[in-house]
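A quick write-up on the structure given underneath.
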Amino acid sequence: MDVPADHRRASTSKELVHAALLNARFGETVSIKETIAAVRAVDPELTDTDCQLTQIITFEAVFLGRFVAFDMHEQMRPHGVLLVPAILDKTS
C-alpha cells in the first residue's frame, strides 16, 4: 500500500475504503486494522462503526482481488511484532 490514492473525491465510507484499497496490488493481503486507520485518518468525522467498516472492506477487497487479514484484535508492538496473549503461549 505504498502508492497514495486521491481521497479528495471520496465522500462515502465505501468510496473511502475503495480508494484506500487501490493502494494495494492485485492479490496482496490488506489489513482490516490498517485500512480502518487510513480511512479514519482521511475522515475523522466518519460515523460508521469498525464493524460496518470491516464489512465494507471485506466486500471491496474481494471485489478488487485483494486478500483480507482480519487483524482488528491483534496487539502489535511499535515495530510491528505480534504480541501473543499468555493463554496462547505454550512455552510458559
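List of remarks:
- Scanning segment 55-66 for residues being assigned to a helix (DSSP H, G or I) and open to solvent by less than 30 Å² (accessible area, probe 1.4 Å) gives a total of 3.
- Residue list for segment 44-53, filter: under 13 Å from LYS14 (Cβ atoms) and either touching a Leu at 6+ places or on another chain (Cβ under 6 Å) or assigned to a helix (DSSP H, G or I) (or both): GLN52, LEU53
- Taken over segment 9-18, the criterion of being open to solvent by less than 20 Å² (accessible area, probe 1.4 Å) and either over 12 Å from the mean Cα position of the chain (by Cα) or of a type in the set (Phe, Trp, Tyr) (or both) is satisfied by SER13 alone.
- Just one of the listed residues (ALA24, ALA41) is at pLDDT below 95, outside any helix (DSSP H, G or I) and over 10 Å from the mean Cα position of the chain (by Cα), namely ALA24.
- When segment 26-54 is limited to residues that are open to solvent by 70 Å² or more (accessible area, probe 1.4 Å) and in contact (Cβ under 8 Å) with a residue 24 or more places away in the chain, the one that is nearest to ASP71 (Cα to Cα) turns out to be GLU34.
The values are calculated or read from the model by the stated rules, or taken from the named source; none is laboratory data. As the structure is a computational prediction, the values presented were derived from the model and not from experiment. Every residue, glycine among them, receives a Cβ derived from its backbone with ideal geometry; neighbour counts consider all protein chains shown. Areas reflect the complete protein model, heavy atoms only, side chains present, ligands, DNA and RNA absent. Shrake-Rupley method; radii C 1.70, N 1.55, O 1.52, S 1.80 Å.
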